[in-house]
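Structure first, then comments.
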Amino acid sequence: MKIAAAPEWVLLVGLASVGIAAAFAPSRIPRVVPFVSAASIERPAWGTALWSSVDVDVSPSDYDSADLGPDEKSVTVDTNESDAVIRDALKRELLLLASITDRGEYATPDESDIIVDLVTQLEALNPTAEPAYNCAGEWDLCLTNTQSFRSSPFFMAIRAAVGDDNKAIAENGFDIHERSTSASRVGRVRQKISSSEMVSEVDLEVGLIPGLPILVKGTVVTTADLVTTAQETWEITVKGTKVMGSNIPFLDQYLDDNPIEIPVGDAYSAVTGSVPVATLKTFYVDGGIRITRDVDDNFFVFSRA
């Protein structure tokens, strides 16, 4: 039977309703965490702005501003060895805020402003040339300014599929997804990076019956092809999603021995004729920290596992 004509984004966003997608929803269950106000966080003694203003030439220009391309962010490589002290201070403050705000989810407006400032300053002090080529290994998500589930290639693909014209639709869909799965609790969010592949692993607990201590646990594993196209840029193409390590009796061992993988990439090919390609850009990486941004400039701060 032929499916009635409908906008492609409707079919694409529909993929997110697959049961496996619910695994990625961030928790809204209140936690007791030590409160530290933004004002109480001691700023580094160096405390001077890293960005300096320059005099603007107000003389007539011989070009039209319309001829200029978009002001795109580019990689900065800091070779000044003395800046290592500044980087360490910035990272300590950033990881402190990551801890007390539960990966940024419960950050106050003041704390969010400080986090953005710290991330921006670290990117300006990036010590590694060609950062996208130097990210191999395992990384744990410790901080983000958006929903943590968007670090998964599964949701990157949805955002890429709808395109910029339907960005608002994607954002609304992610918000609805977050609310509808608020009973879930997200644990460790990890990425395993190689020269050709990204593996996303998300530990989760899902309450089956509200009010009863019945939790289904598991790790949602999503794989994607990774191609490095520039010194800071990856192109990510989702392949499949599966569940490992379930705590359901008998089913846990069966799923580990016989993993059932949802071929997400094939589903996109069947619906749209191609698999959407998501773009990620890494502007900071060192031996312990990586800062990567998505197409909407949301940042994800990872610590090396």
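The values are calculated or read from the model by the stated rules, or taken from the named source; none is laboratory data. Please read these numbers as outputs of a predicted model, since none were measured by experiment. We place every Cβ from the backbone using ideal geometry, glycine too, and count neighbours over all the protein chains shown. Ligands, DNA and RNA are stripped out before the accessible areas are found, and what is left, the full protein with its side chains, is counted by its heavy atoms. Shrake-Rupley method; radii C 1.70, N 1.55, O 1.52, S 1.80 Å.
Some values worked out for this structure:
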read-out	value
Ranking by accessible area, most exposed first, for Asp175, Asp78 with a 1.4 Å probe	Asp175, Asp78
Inter-probe distance in nm under a simple model that places probes 7 Å from Cα toward Cβ, at Val271 and Glu105	2.6 nm
Other-chain or far-sequence residues with amide H under 5 Å of Gly240's (modelled H)	Thr223, Val264, Gly265
Summed side-chain charge close to Thr228 - residues other than Thr228 whose Cβ falls under 12 Å, Lys, Arg +1, Asp, Glu -1	-4
From phi via Karplus (6.51, -1.76, 1.60), per-residue ³J(HN,Hα) for the range 194-204 in Hz, x at Gly/Pro	10, 5, 9, 8, 10, 10, 9, 10, 10, 7, 8
Cβ charges +1 (Lys, Arg) and -1 (Asp, Glu), total dipole of the range 72-213, debye	460 debye
Cross-link pairs beyond the 24 Å C-alpha cut-off, checked among Lys192/Lys239; Lys73/Lys167; Lys73/Lys242; Lys73/Lys239	Lys73/Lys242; Lys73/Lys239
Charge-dipole axis of the range 119-229 as Lys and Arg at +1 and Asp and Glu at -1 on Cβ define it, positive-most pick from Ser148, Ser196, Gly218	Gly218
Accessible carbon and sulfur surface of the range 116-208 relative to its total accessible area, %, 1.4 Å	46 percent
